[in-house]
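Notes for the one structure printed next.
The values are calculated or read from the model by the stated rules, or taken from the named source; none is laboratory data. Because the structure is a prediction, the values reported are computed rather than measured. In this analysis, Cβ positions are derived from the backbone assuming ideal geometry, glycine residues included, and neighbour counts consider all displayed protein chains.
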Amino acid sequence: MLGYVITIMLILGFSCCIYTGNSANALNYMLEGANSAVELMLSLAGSYLLWLGIMNVAKRSGLIDALASKVEAPLRKLMPNVGAAAAPITLNLAANFFGLGNAATPFGLDAMKKLYEGGGEQTKRGIASNNICMFLALNSSAVELLPTSVIAIRSACGSENPNSIILPTLISSIISAVAAIMLCKLFERISKHECR
């Protein structure tokens, strides 16, 4: 699907360049954009490698498993019968906590698979369980202590103070996470009431 969108955008872009008489500059603009993308990617690579390395060391040292066992009790209050999904959910939330959304994705997929398998008849009928909905809400509104990706982008783009977003990001992410949890619990009660 994304391939079609990009193809349509390219065709429209070339058509506009030909129509306005800037077709000679089209290739220059494309090369300039590609160079900028590569420069940005390389400037972000350092921060991603650092945090992914830290997460991998924490996982191999058993820190993540210890954290998962500590977090499992609060998770069970939010998501009863979380079972084997507790560890990948913890990893997902920890990666999001440090602003590594891309690193959180594999853990999130693993958590969704385990939540789906433990969802019973409801998920087999194609209906998301309450645990799945709660995890999606927590993942989407993840509390971020260090928005490392955004800080790296701001730094790469020459921001004078790339770290100035830490406190506003933390406050807004806490508010959004609390709101997401409250709404999930509200809709969970509504759905239980309607099923009676």
Matching residues in segment 79-117 (over 19 Å from Arg60 (Cβ atoms) and more than 14 Å from the chain's Cα centre (by Cα)) number 12
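For every residue, the table says whether it meets (1) at pLDDT 90 or above; (2) under 30 Å from Asn35 (Cα atoms); (3) in contact with a helix residue (DSSP H, G or I) (Cβ under 9 Å, 6 or more places away or on another chain).
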{"residue": "Thr123", "(1), (2), (3)": "no, no, yes"}
{"residue": "Ser129", "(1), (2), (3)": "no, no, yes"}
{"residue": "Val143", "(1), (2), (3)": "no, no, yes"}
{"residue": "Thr148", "(1), (2), (3)": "no, yes, yes"}
{"residue": "Ala152", "(1), (2), (3)": "no, yes, yes"}
{"residue": "Leu167", "(1), (2), (3)": "yes, no, no"}
{"residue": "Phe187", "(1), (2), (3)": "no, no, yes"}
If you take the residues in segment 141-170 that are among the aliphatic types (A, V, I, L, M) and in contact with a Phe, Trp or Tyr (Cβ under 9 Å, 6 or more places away or on another chain), which one is nearest to Ala104 (Cα to Cα)?
Ala142
Name the residue, out of Leu91, Leu100, Leu67, that is surrounded by 14 or more Cβ atoms within 10 Å (Cβ to Cβ) and over 22 Å from Ser176 (Cβ atoms).
Leu67
State the number of residues belonging to segment 1-45 that are small (Gly, Ala, Ser), under 30 Å from Gly99 (Cβ atoms), free of Cβ contacts under 8 Å to residues at least 12 places away in the same chain and surrounded by 11 or more Cβ atoms within 10 Å (Cβ to Cβ).
1
